[in-house]
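J.: Sharing a structure with you now.
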Amino acid sequence: MSPELQMLLYSTTLGLAQMLLAFLFKAQKYGLGWAFTNREQSMPALEGVGGRTQRAFHNFRETFPLFVALVLLAAVLNRHDSLTLWGAQLYFWGRLAYLIVYMAGIKYLRTLVWLASVVGLVLLLIALF
């Protein structure tokens, strides 16, 4: 498995962990019975760490399809160089740092680590052209 595909595997694992973490915060706030409802009834927004965790997961879901497409294109086209490696690693480590920093509530650093993950996407894109 190429290092880029390993980063894809790690990023997928990170996404699953974020989804479960967000669910745990929701279940804690709304009760476990909430998980079995059809969710037609609006619930109060999550606040604090739970809300930040949920928003971090939503943000992850916005960038992850782009990462998947770029890494799979690199694999199909057999493009593996320093740009693809740096891009995939920047994306994964940036997303991991983003979750940690966002959960901690550190405003400006959060934007910088988000930007690092976006730079990773741009490096992957450049490598494919």
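The values are calculated or read from the model by the stated rules, or taken from the named source; none is laboratory data. No experiment lies behind these values; they were computed from the predicted model shown. Glycine gets a Cβ as well: all are built from the backbone with ideal geometry, and neighbour counts include every protein chain shown.
Let's see how each residue does on (1) of a type in the set (Gly, Ala, Ser); (2) surrounded by 14 or more Cβ atoms within 10 Å (Cβ to Cβ):
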site: SER42; (1), (2): yes, no
site: ALA45; (1), (2): yes, no
site: VAL49; (1), (2): no, yes
site: GLY87; (1), (2): yes, yes
site: MET103; (1), (2): no, yes
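J.: Mind counting the residues in region 1-40 that are modelled with pLDDT of 85 or more, exposed (fewer than 11 other Cβ atoms within 10 Å of the Cβ) and farther than 27 Å from ALA88 by Cα?
T.: Result for region 1-40: 0.
J.: Same structure again: Which one is farthest from the chain's Cα centre (by Cα) among residues in region 76-94 that are hydrophobic (A, V, I, L, M, F, W, C) and farther than 16 Å from SER11 by Cα?
T.: For region 76-94, the residue satisfying everything is LEU77.
J.: Pick from region 55-79 the residues that are surrounded by fewer than 18 Cβ atoms within 10 Å (Cβ to Cβ) and over 18 Å from VAL122 (Cβ atoms): which of them is modelled with the lowest pLDDT?
T.: Per the stated criteria, the residue is ARG55.
J.: Do you know which residues across region 13-36 are under 30 Å from LEU77 (Cα atoms) and in contact (Cβ under 8 Å) with a residue 12 or more places away in the chain?
T.: Scanning region 13-36 gives LEU14, GLY15.
J.: Among the residues of region 76-129, how many are closer than 26 Å to PHE25 by Cβ, assigned to a helix (DSSP H, G or I), touching a helix residue (DSSP H, G or I) at 6+ places or on another chain (Cβ under 7 Å) and small (Gly, Ala, Ser)?
T.: 4
J.: Might you check whether a residue that is assigned to a helix (DSSP H, G or I) and within 19 Å of the chain's Cα centre (by Cα) occurs anywhere in region 25-42?
T.: There is at least one residue in region 25-42 that is assigned to a helix (DSSP H, G or I) and within 19 Å of the chain's Cα centre (by Cα).
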